[in-house]
Structures are given as C-alpha cells and as structure tokens.
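The next block holds one structure in the form of structure tokens; read it before the comments.
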Amino acid sequence: MSATTPLLQVSGLSAFYGDMRALHDVSLEVMPGEIVAIVGANAAGKSTLLRALSSVVRWTGQIRFRGQDVSGIPAHAIVERGLIQVPEGRELFPFMTVEENLDVGSYNRRARAEAAATKEKVFTLLPRLRERRTQLASTMSGGEQQMCAIGRGLMAQPEMLLLDEPSLGLAPVIIRTVYEKLAEVNAAGTTVLLVEQNLKAALRIAHRAYVLESGRIVLSGRSSDLLDDPRLRTAYLGR
Ligand SMILES: Nc1ncnc2c1ncn2[C@@H]1O[C@H](COP(=O)(O)OP(=O)(O)OP(=O)(O)O)[C@@H](O)[C@H]1O
Ligand SMILES: [Mg+2]
C-alpha cells in the first residue's frame with residue numbers, strides 16, 4: 001500500500017439502533033501513522049462510530065480498511081485484520097489479573113504466535129503493568145486500568161487502535177500520562193483513532209480531528225487549526 005492510501009476510509013456511513021439512526025452520512029479517513037480524533041459532546045455518536053467500525057452495530061455506507069471493503073465481515077474477522085478497539089469504560093475482566101487481561105488481548109490468530117514477545121514490548125512501554133502483573137484488574141487505579149486496557153489492545157498487534165474516551169474519569173495529570181503513552185505507541189508505528197469529549201486533551205495529541213454533532217461531522221481539520229477555530233472555541237472550549 002502506498003503512503004498516500006488511507007489506512008481507513010469511511011464514506012456515507014450511517015448506523016442504526018433498530019429504526020433510530022445514530023450516524024448520518026459520516027465520511028472520514030485516517031492515513032497510516034496518523035493520530036486522528038473524533039470529538040463531540042454526549043450522545044454525538046462517537047461510540048457508535050467505533051461500534052460501526054468494529055461491525056457490532058448495524059451500518060450502511062462504505063468502510064475500507066487497508067484498502068479492503070469491510071462490509072459484511074464479522075467482528076472477529078475485523079480484529080484479525082488488525083483493527084482493534086479499546087472500549088469505553090475500559091471493560092477489563094475485574095477478577096482476572098493484569099497479566100491475564102493482557103493475555104486475552106492476544107487471543108486472535110494473528111497475535112497468538114508472537115504473544116510472549118509482544119507482552120515483553122507492552123511491559124517495556126508500560127512498566128507499571130509489569131510491576132502489577134499479578135494484581136487483580138479491579139484493584140488497579142483508574143489510570144492504571146486505562147493503561148491495562150491499552151496494553152490489552154496492543155497485545156492484539158493492531159495496525160490501528162480505536163480508543164473510546166481514554167481520558168474518561170481520570171485526573172488531568174493522569175490524562176497527560178495516558179496520552180503521552182499513546183503518543184509513544186503511535187511513534188512506534190501504530191495508527192490511532194480516538195474519540196473524546198475532552199477536546200483539549202484530544203487536540204493536543206491528534207494530528208487531525210473531526211467534530212461530530214448529533215451523528216454528523218460538522219467540522220474537520222488539522223488540530224492546530226481547530227484549536228484556533230472560533231466555531232469550536234465558542235461551542236466547546238468556552239472561550
Ligand atoms: N444500544 C443502544 N440502543 C439504542 N440507542 C442507543 C444505543 N447506544 C447508543 N444509542 C443512542 O445513540 C446515540 C449516540 O450514542 P453514542 O453512545 O454513540 O454517543 P457518544 O458520543 O459515545 O456519547 P458519550 O460521550 O456520552 O459516550 C445516543 O442518542 C444514544 O442514546
Ligand atoms: Mg461514548
């Protein structure tokens with residue numbers, strides 16, 4: 001694939017819960033190596049977008065990943081292709097240890113063979129997880145649990161990591177640490193698509209961003225431009 005081919009290309013995407021349409025004609029693309037943020041308020045459709053990409057909600061339109069049409073492909077096969085979701089609220093297995101949670105991440109066929117080497121890389125990137133490998137996930141702090149969820153995602157050997165509000169419920173200083181780790185993950189070669197209500201945290205790390213409002217993309221651009229955009233400043237940044 002050439003460097004100019006998007007890793008992920010979404011066009012005319014709609015998503016549905018029963019008859020209710022939660023996304024309307026969403027189009028976006030993510031280039032290899034990018035960090036792209038989808039920002040928006042509660043109920044804008046951010047989680048729904050990630051669910052559509054992982055094919056766990058009904059959708060219409062076109063989604064191409066690594067140049068291939070994803071339509072009709074079951075969720076587990078999307079994981080096999082390297083599109084890995086870190087869900088909202090982290091959803092670790094609370095009564096399993098940190099290490100057992102990591103092991104779950106490498107269950108897919110593409111990751112299983114290299115699981116031991118991948119775990120070593122994850123422990124190097126996130127040393128706290130190595131320290132706490134035998135601790136029950138439910139007893140980790142919020143920030144540690146988010147790190148563990150990211151580590152579990154990395155265990156799947158993602159081409160692209162999808163993150164749903166990694167800053168949720170964390171203190172500003174912890175958010176900063178989580179985001180620094182994400183920047184390291186990206187620098188090591190993983191493309192990142194993250195959704196966030198926390199506009200400032202997201203725009204600080206993302207190369208580009210899309211603003212989602214009531215299921216529609218209403219604004220997009222480079223993060224540095226969006227931070228200066230008066231429409232965004234008044235609507236979301238309150239200044
Ligand atoms: N399982 C579901 N069944 C019916 N409607 C749903 C379901 N999940 C989400 N919705 C609706 O779809 C819309 C978009 O929800 P979504 O969870 O994608 O928003 P969000 O941007 O992730 O919000 P938040 O920031 O609060 O997580 C909302 O109106 C929500 O009520
Ligand atoms: Mg959500």
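The values are calculated or read from the model by the stated rules, or taken from the named source; none is laboratory data. If you're wondering where the values come from, they're calculated on a predicted model, not measured in any experiment. Note that we place each Cβ from the backbone using ideal geometry, even for glycine, and neighbour counts take in every protein chain shown. For accessibility, only protein heavy atoms count, side chains too; no ligands or nucleic acids. Shrake-Rupley method; radii C 1.70, N 1.55, O 1.52, S 1.80 Å.
Just a few scattered comments:
- Per principal axis, descending, Cα span of the chain in whole Å: 47, 42, 38
- Selected from T124, Y107, Q146, residue furthest toward positive end of dipole (the range 92-157; charges at beta carbon): Y107
- Centre-to-centre separation between the Cα atoms of the range 141-158 and those of the range 19-84: 20 Å.
- Adding -39500 (n - 2.57) for every DSSP H run of four residues or longer, then dividing by how many residues the chain holds, sets the calculated 222 nm ellipticity at -10000 deg cm²/dmol.
- Whole-percent carbon and sulfur share, accessible surface of the range 70-190, 1.4 Å: 56 percent
- Scaling against 2.2 N^0.38 Å puts the C-alpha radius of gyration of the range 125-239 at 1.15.
- Calculated diffusion of the range 92-157, Stokes-Einstein form, Kirkwood radius summed over Cα pairs, 20 °C and 1.002 mPa s, µm²/s: 190 µm²/s
- Residue-normalised accessible area of the range 92-157, given per residue in Å² at a 1.4 Å probe: 50 Å²
- Reach of K121 by Cα under 19 Å, taken over lysines that are not fewer than 8 positions away in the same chain: K181
- The 1.4 Å probe gives accessible areas that order H76, H24, H207, largest first, as H76, H207, H24.
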